[in-house]
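Scroll down for the structure; my scribbles are underneath it.
The values are calculated or read from the model by the stated rules, or taken from the named source; none is laboratory data. All values derive from a computational prediction rather than experimental measurement. No Cβ is skipped: glycine too gets one built from the backbone with ideal geometry, and neighbour counts run over all protein chains shown.
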Amino acid sequence: MSVVKEEQYVALQQLTRARYQIIRQITQEKQRFLQYLSYKCNTFTEDVTSSVFGKAMLDLFQESYSLEELSQMDLEELADYLRVKGKNRFPDAEQVAKSIQKAARSSYRLDKVVEDSIDAILATSITLIRTFDKWQVHSAIKPSLSRFLPDG
């Protein structure tokens, strides 16, 4: 193997190792997020059929609404929030809003101090997940890999 090919191989090797580590970190952070979400709203993942990790849902959790606020919020207002934050990608925003309110109503209530601490952890976790998703390692691998493939 020539020196140039070996350097390209090392570069690709480092990129793929970094991607592997980032994906592991994203997975761990999402699992941690789900664990703390279950503390805040123990029935959310059961009652709400929409992805917890979509932009609208993450924005909703980052707003730190209490369960009481979510359950008392006007249904149309919550549906509009989901439409705006989700850029009209919800096929039935009203149904999702209803399921969020159902989950909020049926979950046990935490003490205010505990709920505030869980909200802070969830907001931090959301920031980490979004940061990991923005890393550019994935897009750097394809050009590096193409150097090893024969012209075709």
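From the residues in segment 74-89 that are in a loop (DSSP other than H, G, I, E, B) and closer than 17 Å to Gln101 by Cβ, which one is modelled with the lowest pLDDT? Going through the qualifying residues, I end up with Gly86. Name the single residue that is farthest from the chain's Cα centre (by Cα) among those in segment 18-65 being among the small types (Gly, Ala, Ser) and within 14 Å of Leu82 (Cβ to Cβ). In this case the residue turns out to be Ser50.
Here the condition is being closer than 21 Å to Ala123 by Cα, assigned to a loop (DSSP other than H, G, I, E, B) and in contact with a helix residue (DSSP H, G or I) (Cβ under 6 Å, 6 or more places away or on another chain); of Ser64, Ser51, Ser71, it holds for Ser64 alone.
Flag: Ser66 does not match the condition of being among the hydroxyl-bearing types (Ser, Thr, Tyr), more than 14 Å from Ala56 (Cβ to Cβ) and touching a Cys at 6+ places or on another chain (Cβ under 7 Å). Is it the case that some residue within segment 78-99 is aromatic (Phe, Trp, Tyr) and more than 19 Å from the chain's Cα centre (by Cα)? No, segment 78-99 has no match at all.
Starting from segment 23-34, take each residue that is modelled with pLDDT of 95 or more and list its partners that are exposed (fewer than 14 other Cβ atoms within 10 Å of the Cβ), counting only C-beta distances under 7 angstrom and pairs at least six apart or across chains. Pairs that qualify, where the first residue is modelled with pLDDT of 95 or more and the partner is exposed (fewer than 14 other Cβ atoms within 10 Å of the Cβ), are Leu34/Thr45. The set of residues in segment 83-109 that are surrounded by 18 or more Cβ atoms within 10 Å (Cβ to Cβ) and among the hydrophobic types (A, V, I, L, M, F, W, C) comprises Phe90, Ala93, Val96, Ala97, Ile100, Ala103, Ala104.
Out of Lys40, Lys30, Lys5, one residue alone is basic (Lys, Arg), out of contact with any helix residue (DSSP H, G or I) (no Cβ under 6 Å at 6 or more places or on another chain) and surrounded by 14 or more Cβ atoms within 10 Å (Cβ to Cβ). It is Lys30.
Among the conditions (1) under 20 Å from the mean Cα position of the chain (by Cα); (2) loosely packed, with under 13 Cβ neighbours inside 10 Å; (3) part of a helix (DSSP H, G or I); (4) among the β-branched types (Val, Ile, Thr), the only one that Val10 does not satisfy is (1). Of all the residues in segment 110-136, those that are surrounded by 13 or more Cβ atoms within 10 Å (Cβ to Cβ) and in a loop (DSSP other than H, G, I, E, B) number 2. Report yes if Leu15 is over 21 Å from the mean Cα position of the chain (by Cα) and surrounded by 15 or more Cβ atoms within 10 Å (Cβ to Cβ), otherwise no. In short, yes.
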